Each structure stands twice: as C-alpha cells, then as structure tokens.
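**Student:** Please read through the structure below; I'll follow up with questions.
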Amino acid sequence: MAAKEDQNSPPRPSRVAIGLGANLGAPLLNMQSALDALADAGLRRQCVSPVYLTPPVACVPGTPDFHNAAVTGLWSGTPEELRDCCHAIERQLGRPAAHGQDEARMIDLDILLFGDLRLPSPKEEEGFTATPPLLPATTLRIPHRLLCARAFALLPLRDIAPDWPVPGSGFATVADALARLPAAEIAACRRTTAILLPC
C-alpha cells in the first residue's frame, strides 16, 4: 500500500534558478511582470537577486545596456515545462518568437540551473559534436551552456545562491565559477539600487 501511495503522490519540487534580462521598453517593469507570471505559473518560494546594469555581450553595435537579475524558487514540473513557461512569458511581454540572441529585447528568461540536473546527459552531449550533429541546437541544456562564462549571469546568482554546484562545469559552486572570470568583466557589471519583489 505504501508503494502505491508513493506512486500517486505529487512530484517533489526542484530548486531552480532563472536568469532575467531586459534592455527595451521599461526593463524593471518587464522583469517584475516576468516574476509575477512565473509565480502564477507555479514557481514558489521565490528569492530574487539585486539588479545589475551590464554592458551587452556578443550583441549588435549600439545595443543598450541590460538590466540583469536572477531568481530561485521551487518548481514542480519538468525542465521542458519550465522552458515552455519561460518562452510563453517572453511572448506575453512582447518578445517576438523569432528573435536573435544578439539583439535587444523586452525580456529574456533563461533556465540557469535545475537542481543538480545535467541535460543532456554526458553521453548525449556527444551528439552536439558529432558530424553531422545528432542533437538539434535547440535542445534544452542545463546548466545553461554560457552560465560559467558570463558575469552578468553569475553575479546575480552568486548573491542568492553562492554555494549551488554547477554540474559538469568543472567548478565547485556558482561563487567558484564567478571567481575564475576576468576581474574587468566582473567590474563592468554595476549593482543598482533597484528592487524586484519576490512573488
């Protein structure tokens, strides 16, 4: 009987981390609206980082500075459901479905970490480097493939989850990954006094 009850019990929520960014329209309002929408979609017990003003990285010339933050929370669904939720919120807040990664944007929501999950698995990861590739470029990747290379993602996350391990990265924790980045890149990210409210 106990086994049957376990099978019917709801899945245990996973601790997740999501990066938020915006540099068009009203960035702070867009980011707060995204947090509200994430809460409505089921992201519970939010913890929100300070907001940083950061220079654009790998963007077209003339791109405005970004506002960046991170949020952690508990999510009861799958990684794919969270990705789809983030994409739906981006569309809701005015980001076109077809949008280059090097362009300015109303809102950007990226799954940074999902518990201690690594997607794809180390064996599946070989599919990205095979010729021809065995996995499409749109395959969900967790941790985010650029997390450990971007101060604008690591700094806010470090503020609220410094000891979170980054699976498969070679770094022990978020704080460790940030410490390995060039000092100039970290210094270019300016912490602001803006406040985003957890939902």
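All of the numbers you see were taken from the coordinates with simple rules; none came from a lab. All figures in this text were calculated on a predicted structure; none of them were measured in a lab. In this analysis, Cβ positions are derived from the backbone assuming ideal geometry, glycine residues included, and neighbour counts consider all displayed protein chains.
**Student:** For region 51-103, just list the percent of Cα-Cα distances falling in each 10 Å bin from zero outward, please.
**Tutor:** 19, 39, 35, 6
**Student:** Same structure again: Report the Cα centroid-to-centroid distance between region 159-199 and region 57-119 in angstrom, as an integer.
**Tutor:** 17 Å
**Student:** How large is the convex hull of the C-alpha atoms of region 12-191 per residue, in Å³?
**Tutor:** 125 Å³
**Student:** Taking the Cβ of Ile18 as the centre, find all other residues whose Cβ is under 12 Å away and add up their charges (Lys, Arg: +1; Asp, Glu: -1).
**Tutor:** After counting each charged neighbour, the total is -1.
**Student:** While we're here: Between Leu117 and Ala97, what is the spin-label point distance in nm, taking each point 7 Å from the Cα along the Cα→C-beta axis?
**Tutor:** Output for this residue pair reads 2.4 nm.
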